[in-house]
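The values are calculated or read from the model by the stated rules, or taken from the named source; none is laboratory data. Every value quoted in this text rests on a predicted model; they were computed, and no experiment measured them. So basically every Cβ, Gly included, is an ideal-geometry build from the backbone, and we count neighbours across all protein chains shown. We work out accessible area using only protein heavy atoms, side chains counted, and drop any ligands, DNA or RNA first. Shrake-Rupley method; radii C 1.70, N 1.55, O 1.52, S 1.80 Å.
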Amino acid sequence: METHLADFIKDTPEGQEAEAILRRCVHCGFCTATCPTYQLLGDELDGPRGRIYLIKQVLEGSPATESTQLHLDRCLTCRSCETTCPSGVEYGKLVDIGRKVVDDQVGRPAMEGVKRKAMSTVLSSPSLFSPALAAGRAFGGLLPEALRKKIPAAQRADAWPAPTNARRMVVLEGCVQPSLSPNINAATARVLDRIGISLVKAPQAGCCGAVAFHMNYQDDGRDHMRRNIDAWLPLLDGGAETIVMTASGCGSTVKEYGHHLAHDATYAPRAERISKATRDLTEVLAAESDKLVAMLEKAVAGKPRRKLAFHSPCSLQHGQQIRGKAEALLTAAGYDLTPVPDGHLCCGSAGTYSLLQPELSQQLLANKVQALTSGGPEGVATANIGCLTHIQTGMKQPVRHWVEWIDERM
Amino acid sequence: MGKPEAISAIPAVDSHALISRLRAVLPSPSLLALPEETKPYECDGLSAFREVPLAVALPEDEAQVAAVLKVCHEMRVPVVARGAGTGLSGGALPNPLGVTLGLSKMKRILHIDPLARTARVQPGVRNLAISEAAAPLGLYYAPDPSSQIACSIGGNIAENSGGVHCLKYGLTVHNILKLRVVTIDGEILELGGEGLDAAGYDLMALMTGSEGLLGVVTEITVKLLPKPQLARVVLAAFDSLEKAGNAVANIIGAGIIPAGLEMMDKLATRAVEQFVHAGYPLDAEAILLCESDGTPEEVAAEIERMEAVMRASGATQIRLSKDEAERLRFWSGRKAAFPAVGRLMPDYYCMDGTIPKRKLAEVLKGIAQLSEEFGLGCPNVFHAGDGNLHPLIMFDANVPGQAEHAAKFGSRILKLCIEAGGTITGEHGVGVEKIGEMCDQFTPDALETFHSVKAAFDTHGLLNPGKAVPTLHRCAEYGQMHVARGKEAFPDLPRF
Ligand SMILES: Cc1cc2nc3c(=O)[nH]c(=O)nc-3n(C[C@H](O)[C@H](O)[C@H](O)COP(=O)(O)OP(=O)(O)OC[C@H]3O[C@@H](n4cnc5c(N)ncnc54)[C@H](O)[C@@H]3O)c2cc1C
Ligand code: SF4
Ligand code: SF4
């Protein structure tokens, strides 16, 4: 598409990146077909092609108003559009740039600003989130309905095996996952231990930075990233092979540290190294699948097969373009996966989206629950803590991380 | 850039009055009037043509469509219908003094009748969504434009769209039974019927392909077909375009009617392979995709014949889709070919001409020569079975003068098509893009007839004015630009 960026941004790194992305869009409209918000709202402005246009206008110098901000806020950043786009338009990177410019121009009403900042800070910090969660469990009755439903009952994490293997990998503890579902990383450690890999924690590391970054506190987000890089590099130097992501949302962000810190002279090469060493758990286990599948098949031999629905998080299938790997392992572990119509559509969790855009989020959730349960599974397996807690609010059957379903069968 | 004509004939209205009247008949999220909100609607899939409408109306039901049309009719405001905005000839290009009427909120599948094998749907339903909804019943909707993932059935009606499988199963017009249409004065017409033939004029066929000039389609009953038991695709590689072209002619000549027969040249194949990873042979000068469907026995026998013809025509490699997933991947590459070219160059200009199949090799050679002459790359994709050629001229709109240069290249290609005994409209409609060429293809008498049909539905010429059918005045102007009709049918007209 023809683009002529305005002077204020043309020669900045963001401007150049945005221009290269915009020019790739040939305005074919394919992406609108798989955009969850376009499918609900049917307005060009609520689909990727229209949002690209809105961003283009602002970068070309037309002042943005609340209307553009609203349509960008409604975007889930699910990146389904990227999967669909034959031309390879990197929408996710463009919308990060566009949102920042629009928010700087339009601002936010004072109260909304406070709310967003608080949400970003609490969700990004395990030390704040855990007490908040404990308080939530204790005083649940006082919380608004939407938030209360998201607080799961306290969960027990079974044993974490001692790090005795020669092969070692580092796990990201993350911000909310250890509090909400400590068993996910413990189950990961057990499964890896059985195939001869020890999973170690990096206590200095914390939130991957996605929450702050995508709420447009990009500098806060980058600070989280630098802190994690500092925590992980010594472990990689000490012989750890890989940084394992058990939440695909974090994984898609960590894999882009190199991109986010490309203009930080000191951190750029370190960030690049971290991104290269990062794998989603699906990739780690698929790479060991010879050993693992044999063990799983032995473990479930003669046992009745069970029915599960797999929900592939957007950050897994679109953000990281990983498909079929967890599904294959679940199948080997004795689960038959039921068909899930419109599996490419977002569940409406999308980081903080469920809290900021409750109406659209709830519509997407209702559709997702219907799709997931349509094949009559006993439960749902997924790969991201955000989706997990969100979907659980909409259904009775258990929603668990796929590695927990696997661990249970071994 | 070409401007829709007849704009000057329609006086500007008081836009505040218009918007407040529209506001009274639409829910608030269904009316966009801020410049910031209307600009993203300024173009369809042909983004070289752009106009910002006064307002965009996004009705949620037929009653709202009728109400919007009534307001516009009373105020004499032009209305341009818009489906998914994937059109490639500027059919949904807004009118700067008019309202763009988007059907994208009307996307419910109202009823599927598995016994009668029909589906009743709203106009904004995506083409592919119909087949997806019918799939559990073992049925599908046959016409499959390459844009089927996104384009709307209403837009398909308006363009009488074709697709990969139309060679065997026909165009849109052959696959619909009934339409509900709202006229410019807000009246509702029902055209066609559940039976195969209705008494009186076939107004449904007239409406199909009318590019939004006669009415706004609000409901469509389509035919569904039982999914063939089996479908498989032969992928054949050739070391010259000529051999591939001859293979196409030989297949048809052998009396085979493939369910689909498509060709891509090397450049196009390379661009799509980056996206679909279908395993296309990248060193071939051209590849053919040839589908057979039916019972397993029929398919086996037909595939054998297809492969024999391909081999005799000089195929260097032949692969057969091994399962349904691979078959779909083979096609998805072909279907994504236009936008995948965006990976090679920021802009492309998709030509749409039809040539006799036996002239294919010759025309392709001519295009390759022109591509050198103009210094612009030009991948080719081709609905080989029906002779519909889509050269994609690659250019960079940010480079001053290059769009015009591409347009000149385009006219030379069209000239080639005509010289080969072909036509300059394939399946993407006339819109604004080819309105000038309509003067070449039709006599003034024929054009007059089109205008009287239009006037019978739309006396004041408010529906999509300036598109599809040129006024005689315009043709006269266009004619002056020609040296002499026939001698030089395609002068180097700047068309952007
Ligand atoms: C990558 C790509 C590939 C394509 N491949 C093909 C192909 O293989 N075959 C093919 O035939 N076309 C193809 N097209 C062109 C285009 O997709 C078709 O013309 C399609 O039918 C347009 O549908 P739409 O919903 O996008 O309509 P729009 O572009 O929105 O509108 C097209 C025309 O229809 C009118 N219109 C839309 N809805 C209505 C309605 N409800 N009532 C009355 N008028 C209406 C508009 O006014 C306009 O004139 C392709 C386009 C792209 C971008
Ligand atoms: S699919 Fe890609 S090229 Fe097409 S409109 Fe969307 S972003 Fe642009
Ligand atoms: S990221 Fe998701 S919600 Fe946002 S435009 Fe793309 S598909 Fe739509």
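With R₀ fixed at 25 Å, the C-beta to C-beta distance from A:Asn165 to A:Ala262 puts the FRET efficiency at about 0.10.
By the rule of a second cysteine Cβ within less than 4.7 angstrom, chain B holds isolated cysteines at B:Cys43, B:Cys72, B:Cys151, B:Cys166, B:Cys290, B:Cys350, B:Cys378, B:Cys417.
Applying a 4.7 Å Cβ-Cβ cutoff to chain A leaves A:Cys25, A:Cys28, A:Cys35, A:Cys75, A:Cys85, A:Cys347, A:Cys387 as cysteine residues with no disulfide-compatible partner. Pairs from the list A:Lys303/A:Lys368; A:Lys255/A:Lys396; A:Lys93/B:Lys39; B:Lys107/B:Lys454; A:Lys303/A:Lys325; B:Lys39/B:Lys408 with a Cα-Cα gap above 26 Å: A:Lys303/A:Lys368; A:Lys255/A:Lys396; B:Lys107/B:Lys454; B:Lys39/B:Lys408.
Rolling a 1.4 angstrom probe over chain B with all protein chains present gives an accessible area of which 55% lies on carbon and sulfur atoms. Comparing A:His27, A:His214, A:His344 in a Gaussian network model of chain A, where Cα atoms under 10 Å apart are tied by springs, the biggest mean-square fluctuation is seen for A:His27. Structural descriptor for chain B: relative contact order 15 percent, calculated from alpha carbon pairs under 8 angstrom and at least 6 residues apart.
Check each of the trypsin sites (Lys or Arg not before Pro) in the stretch A:307-410 and keep only those in coil by DSSP with at most 11 other C-beta atoms within 10 angstrom; list them in order. It would help to have the intermediate numbers written out before the result.
Values: sites: A:Lys307, A:Arg323, A:Lys325, A:Lys368, A:Lys396, A:Arg400, A:Arg409; in loops: A:Arg323, A:Lys396.
Those satisfying the criteria are A:Lys396.
With q set to 0.11, 0.24 Å⁻¹, the log10 of I(q)/I(0) for the stretch B:5-102, from the Debye formula over equal scatterers at the Cα positions, is -0.28, -1.33. The helix-based estimate of mean residue ellipticity at 222 nm for chain A, built from -39,500 (n - 2.57) per DSSP H run of four or more residues and divided by its residue count, is -15500 deg cm²/dmol to the nearest 500. Label-to-label distance, B:Arg76 versus B:Asp283, with points set 7 angstrom from Cα along the beta-carbon direction: 6.9 nm.
Set the Förster distance to 25 Å, then compute FRET efficiency between B:Gln441 and B:Leu110 from the Cβ-Cβ distance, nearest 0.05. Calculated transfer efficiency: 0.10. Computed with the Debye formula from one identical point scatterer per Cα of chain B, without solvent, the log10 of I(q)/I(0) at q = 0.07, 0.09, 0.12 Å⁻¹ comes to -0.37, -0.63, -1.12. Mean sequence separation of contacting Cα pairs (under 8 Å, at least six apart), scaled by the length of the stretch A:300-409, corresponds to a relative contact order of 32 percent. Rounded to the nearest 0.05, the FRET efficiency derived from the C-beta distance between B:Glu373 and B:Asn398 at R0 = 25 Å is 0.65.
By the compact-protein rule of thumb, 2.2 N^0.38 Å, the alpha-carbon radius of gyration of the stretch A:273-410 corresponds to a ratio of 1.07. Between B:Leu463 and B:Val79, the built amide H atoms are under 5 Å apart, and every one of these is 5 or more places off in sequence or on another chain. Along the axis of the charge dipole computed for the protein assembly as shown (Cβ charges of +1 for Lys and Arg, -1 for Asp and Glu, origin at the Cα centre), the listed residues B:Thr354, A:Gln392, B:Pro114 are led at the positive end by A:Gln392. Taken over chain A, the percentage of Cα pairs per 10 Å bin, counting from 0 up to the bin with the maximum distance, is 5, 22, 32, 27, 12, 2, 0. Note that the protein assembly as shown presents 38 Å² accessible area per residue, ligands and nucleic acids not counted, probe 1.4 Å.
Just checking the listed ones, A:Pro13, A:Pro339, A:Pro377: in the Gaussian network model of chain A with Cα springs under 10 Å, the one fluctuating most is A:Pro13. Once backbone amide H atoms are built at 1.01 Å from N, B:Ala286 has B:Phe238, B:Ser240 as its partners under 5 Å, excluding neighbours fewer than 5 places away on the same chain. For helix B:15-25, what angle does its Cα long axis make with the longest principal axis of chain B, in degrees from 0 to 90 and rounded to 10? That helix lies at roughly 80 degrees to the long axis.
Sorting B:356-369, B:96-109 by their mean Cβ neighbour count within 10 Å, with the most densely packed peptide first, gives B:96-109, B:356-369. For chain B, adding -39500 (n - 2.57) for each run of n ≥ 4 DSSP H residues and dividing by the number of residues yields -10500 deg cm²/dmol at 222 nm.
Could the peptides A:183-193, A:56-66 be put in order, highest first, of the mean number of other beta-carbon atoms found within 10 Å of their residues?
Peptide ranking by packing, descending: A:183-193, A:56-66.
Spatial offset of the stretch B:275-296 relative to the stretch A:342-408 amounts to 37 Å, using the alpha carbon center of each.
Here the Debye sum runs over all C-alpha atoms of the protein assembly as shown as equal scatterers in vacuum, and log10 of I(q)/I(0) at q = 0.06, 0.10, 0.11 Å⁻¹ comes out as -0.44, -1.21, -1.42. Built from the Cα atoms of the stretch B:220-371, the convex hull projects on average onto 10.4 nm², one quarter of its surface area.
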